[in-house]
1. How many residues, within the range A:5-28, are away from chain B (no Cβ under 14 Å) and either near the ligand (Cβ under 8 Å from one of its atoms) or farther than 15 Å from residue A:71 by Cβ (or both)?
2. Considering only residues that are farther than 20 Å from residue A:280 by Cα and open to solvent by 60 Å² or more (accessible area, probe 1.4 Å), look in the range A:296-328 and name the one that is nearest to the ligand (Cβ to nearest atom).
3. Looking at (1) without any contact (Cβ under 8 Å) to a residue 24 or more places away in the chain; (2) more than 10 Å from the ligand (Cβ to nearest atom); (3) open to solvent by 10 Å² or more (accessible area, probe 1.4 Å); (4) within 29 Å of residue A:137 (Cβ to Cβ), which one does residue A:95 not meet, given that it meets all the others?
4. Taking the criterion of being within 15 Å of the ligand (Cβ to nearest atom) and surrounded by fewer than 18 Cβ atoms within 10 Å (Cβ to Cβ), would at least one residue in the range A:263-284 satisfy it?
5. When the range B:545-578 is examined, which residues are found to be open to solvent by 50 Å² or more (accessible area, probe 1.4 Å) and not polar (S, T, N, Q)?
6. Can you work out which of the residues in the range B:80-128 that are more than 20 Å from residue B:193 (Cβ to Cβ) and open to solvent by less than 10 Å² (accessible area, probe 1.4 Å) is farthest from the other protein chains (Cβ to nearest Cβ)?
7. Which of the residues belonging to the range A:29-46 are under 16 Å from residue A:105 (Cα atoms) and more than 6 Å from the ligand (Cβ to nearest atom)?
8. Would you pick out the residues in the range A:329-340 that are surrounded by fewer than 16 Cβ atoms within 10 Å (Cβ to Cβ) and within 15 Å of the ligand (Cβ to nearest atom)?
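The values are calculated or read from the model by the stated rules, or taken from the named source; none is laboratory data. None of the values given here were measured: they were computed from a predicted structure. Here the Cβ positions follow ideal geometry from the backbone for every residue, glycine too, while neighbour counts run over all protein chains shown. Note: accessible area is taken over every heavy atom of the protein model, side chains too, but ligands, DNA and RNA are not part of it. Shrake-Rupley method; radii C 1.70, N 1.55, O 1.52, S 1.80 Å.
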Amino acid sequence: MANTEHYVVIGNGVAGSEAARHLRQRDSDSRITMVSAGKLLSINRYELPKIFSSSADWRDFLLHPPEYYDEQKISVRRNTWVSHVDPTNKLLMLHHREPLSYSKLLIASGGGRYIPESLNQFKNLIAKFGTYEEAKSVCDALPRRGHMVMLGGDMIGLDLARSLVRNGYKVTVIGEDHLFWPHRVEAEQRQKFVAVLQDMGICVRTDVAITSIQRGDRNRPDRRIILDNNEVIDADVILSFCGLMPSLAFMAGAGVDIERGVLVNPQLRSTDKNIWAAGDVCQIWSPEENQYRFYYGWKNVKKMGRIAAFNMTGADESIDTVQNEKLVTTKSGEIDSPFWQYG
Amino acid sequence: MARTAKQRTDIQIAICGSAGDGTIAAGDILKQAMAKAGYNVIAFDVYPPEIRGFGKCIARARITSEQVYSLKSESDCLISLNDSHAIPHVSEVCKFGTVIYEDTPVSTVGEGAHVSSHLSPAHLPYGVAFREISERITSSARSRNIVAVGYLAGLYDMPAEVFHEVISGKFAGKSKELADSVGAAFDAGFQTGVDTFRLHFDRIGASGGKGKQTDLVMMSGNAAVVRGCLDAGIDAFFGYPITPATTIMEMLAREMPKHSGRLLQTEDEISAIAATIGAGYTGARAATATSGPGLALMTEMMGLGAMAEVPAVAFVSQRGGPSTGMPTKTEQSDLNLAVFGVAGDGQRIVLAPTNVEGCYKCAGKAFEMAEAFQTPVIVLLDLYLSNRYEAVQLPSKNPFAENCSKTPRKNASPAEYNRYKLTSDGVSPRAIPGETGRMHTVTGLEHDERGRPSDQPRIHEAMSVKRHQKLLPALKHPGVTISKRFGDKGVVDVGVLGWGSTFGEILEAMIEARKEGIRCSAMKVVMLSPLPVGPVKAFLDDCNEVLVPELNYEAQFASLVTGATGRPVHRLNRVRGTPMSVGEILDQIRQLVGHSGKIAAE
Ligand SMILES: Cc1cc2nc3c(=O)[nH]c(=O)nc-3n(C[C@H](O)[C@H](O)[C@H](O)COP(=O)(O)OP(=O)(O)OC[C@H]3O[C@@H](n4cnc5c(N)ncnc54)[C@H](O)[C@@H]3O)c2cc1C
C-alpha cells in the first residue's frame, strides 16, 4: 500500500532536524517537510560564539550541506512562519496565507529569549543572539575589546561570556535571578560559582538592579545602563540571557493542552493524537517530580528529536525524566554543566 | 560594503511576473540604471503577445564589471512578482542564489502555490511585503514592481542615484505627482533592502569600473535596428505586425514622422514587401520587417527584387517554426529561407548580426549595400537578439553613407542608357523613374541590358552571372564586419563557428575553454550570403575540430558551410525555444578535445 504519510516538523533546530533525520531513516517513502521561520538551513547553534573568533560565514555553521536535504528528500520551508494550527483539519496556516496539510505534526519551535517584565520597555535596546543573523549583528556591533553587558546570566549566556572573555572582550553580567538558569543553585553554592566566573574574567554584579537603559551619547559606546545605585555602565551591546520562553503563539486556540510549553507525556505526544512536541518548546510529564517540566540542553533536545520521530513512526519510547543536572567546577577550576556538554 | 575596483561583478537578475505586473518596466529601470552606473549589461525580456493579465513576462539582466557576451543559463537572483509564473524558473537560480518574493499575498493561496515552497535547500529566501509597502507609500499596489526593484538595489548595494535618474527620465512626460510617488516607492523598497540581513555573497557596488556613463545607451536589438535605419536615412517603411519584429515598426512609427519619413501598415506581408520594392524602385531607402512566416510570404517579391535589381531591405526576426510555430520563442531556423528561399537563382545579400551593436551597423549598412549592389538585403535577426538589451556606445558621427547608388553618366545620351548594362563589376548604372532620358523597362522576366524580356540562352546565362558576380564585392563592403575570428591564433584544438545571436554564448564558451587550457578560437560569420568562403576555409584549416552550434534542428548553417567548403564540421543543434547554454557548448568543446582527430565527416 502506498505510504501517504506527511510528517510536518515545525522548527529546524536540533530537535526538528534530528527528528527529520530519524523520520527518513524509519520511513523512506513518506513526505517530510520542515518549516522554519529562519532563512537558513539548520545551523549548529552551539558553535555560534565562534563567530567572534573567526571569519567564518553561515555556511560554516550548517549542520548539513544543502545537498543532504535533496538526498534525504526532506523539504525545508524557510523564512516561513506557522501562524496557526488547526488539528481538526490537520492543517497549518503559514503567515503568507498558504495552508499546509499534515498527517503527523511535530512541534519543535524552540524558545525565544525571555526578558523580565521590568526590562521589557527597553527591549529595543537589547540585542538578540538566537540565530546566525542575530549573532553576526552582535559581532559586527561589538568593537575589538568592546564591552558586552549581559542581563541575567543563564547558562546559554555564560557559554557566550566565557568565549567572549577568551577573545579579549569585556563581559559584565548583571542580576541575580536568572544566574545559572536552568540550574537551580543553592544560595550557599552560588557565591562559589560566582567567584569561579570572576576568576574566568567575567565581571558579575549581583548586588545591583537596572533602573533604565538608554542610547549612548555621541562618540560613546552605544548603550548606557543606569543602576539603582546611580552608577552608569557604558556598553557596546546588551544581551538578555534570562532563560527561554517557548515559541508557541501559533498554538493559541488549537485545543492542544499548553501550560508554558506544549504539555506532552514522556513519549512526547501531546493531548492531540497526531501532534508531538520536542525540544525547548515542550513540557514533559515527570512522574518522579509529579509535574510537567522542561529538559534543556543539546543532549536532551537531540534525544527528544529522535524519540519523537520513533514514536511518530510507531515506536513506544520514553524520555528519561531523571537526569544529572548539577553545576560543577572542573579540576582546572572552571565551571562545567551537563547543559554545556555538546558534540 | 563598498565594492573595490578589483572585485569582479557578474550577477544575473531575473524578474518574473504576469503581463500587467510591470515586470518589463522593472527590468528596464534596472538595466538602464546599471548601464548608467558603468556596468556592462546584457538583458533579454520574454513576454507574451497577449493582452494585460495573461501570460508570463520575464526580464533577465546580466550585470558585469567585465565584458561578457551572453546571458548565463542560471540567474543569481529571481524576483517573483507572480508566483505561478515564477515557480518553473526557481530551478534556474544558482546555488546560494537568492529568491525574492511577495510575503503578503492579498488572499489565501493554494497549498504549494507559493513560490517559497519551491526553493531548493541551496537557495536563499527573501520574503518582502511588496504590496503592503507599495500601498503604504503610494496608496496603491501598482508600484509593487518598483518596490521590488528598490529592494533589489538596496539588498545588492546598488547606487540609488542612478535609479532616481532613470525613474525621473522615464516619468518625465507624466505628472510630477506620479514621478514622485514612483520615486518614493523605490526609496521605500531600497531602505527595506538595505535593512535586510544579507546572506548572499554578491554585491553590485556604486560603479561598474567604467565610471558613470553618459554615452552608453541600453537598447534592444530591435531598437538598434531602428536607430540604424534612422541614421541611414530611411525614407519609407511598410510592414505588417508579427512577433518578434513588431516593435521595429512600432518604434519607427513614432520616429519616422520626425524625420520626414513615411510608414504604412499594409494589409499583409506580400503588400509590405511589394511596397518596399516599389519604393526602392523610386530611389527611396525603403524597408520592411517581419518574421519567418512573413518572409515565406515575401519570397515571390524577393525574387522580383533580385531579377529587377531593386534595392530593398527586409529585417527578419526569427522565431520557432515552421508555420506559425512558437511566436514568443527564439530559433535560428530561417537561414535556409533567407539564403535560398526564392524561385530560381535569386541570390541576395543576407546579414546576420551577432549582438545589439551589430544590429545597428547591419541595419544601416544594409541600406548602403542594397543601393550599391542593387539588390534586396535581408538582415536576419532572431527573437533573442531582437529583445536582448545591451549597453552600447553608438558612434558620435553618423557612420552611414548617404547615397551609394551607381548613377548613369550625366551627359550620356538616352540611346546609350542600358538599365541592365553588363559592366566589369556587374553593377549597372541605375536611373530613377522620372529621370529625363532614362526610359527603361523593368520586369520579373529575364531581360536584356535594356530591360526588354528575353529568354535567349546567352542572355540568361550572362545575366545570371551578372546578378551573382555583382554581389561578391559586398564581402569587402567598408565599415561592416563580414566575419571575424576571436581567441587563439594559428592552429587550435577546436574552432567554433557561429552566426547570429548564438555567437555570444559561443564566445563565452571559447573563453572558458581557453581558461581550461584548450587551444580554441571562435569565428563569427555575419554575411551569410554571399558567404565569405575564403576566411571560413582559412579558419577551418586552422582547426583540428570544428563545432557549429545553432538553434535549429537541421543544422542549416553547418550544411551551408560544409556545402561551400567541402569540410566536415561537428553540429550542435538545439530547438527548445531558448538560447543555447554556454555549458552545452563548452561540454562539446571538451568532448572534441578528447576525440580530436578521430571524428569523420558527419
Ligand atoms: C545562542 C544559543 C546558544 C546555546 N548554546 C547552548 C549550549 O551550548 N548547550 C546547550 O545545551 N544548549 C544551548 N542552547 C540552548 C539550546 O539551543 C536549546 O536547548 C536547543 O537548541 C533547542 O533546540 P530546539 O530544536 O528545541 O529549538 P531551536 O533550536 O530554538 O529551534 C527552533 C526552531 O523553530 C523555528 N520556529 C519557531 N517558531 C516558529 C514558527 N512560528 N513557525 C515556524 N518555525 C518556527 C525557528 O525558526 C527554529 O528553527 C543555546 C541556545 C542559544 C540561543
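1. Going through the range A:5-28 one residue at a time, the tally reaches 14.
2. Looking at residues that are farther than 20 Å from residue A:280 by Cα and open to solvent by 60 Å² or more (accessible area, probe 1.4 Å), I get A:328.
3. (2)
4. no
5. B:553, B:554, B:563, B:566, B:567, B:568, B:571, B:574, B:575, B:576
6. Looking at the filtered set, the residue picked out is B:90.
7. Passing the criteria: A:30, A:31, A:32, A:33, A:34.
8. A:334, A:336
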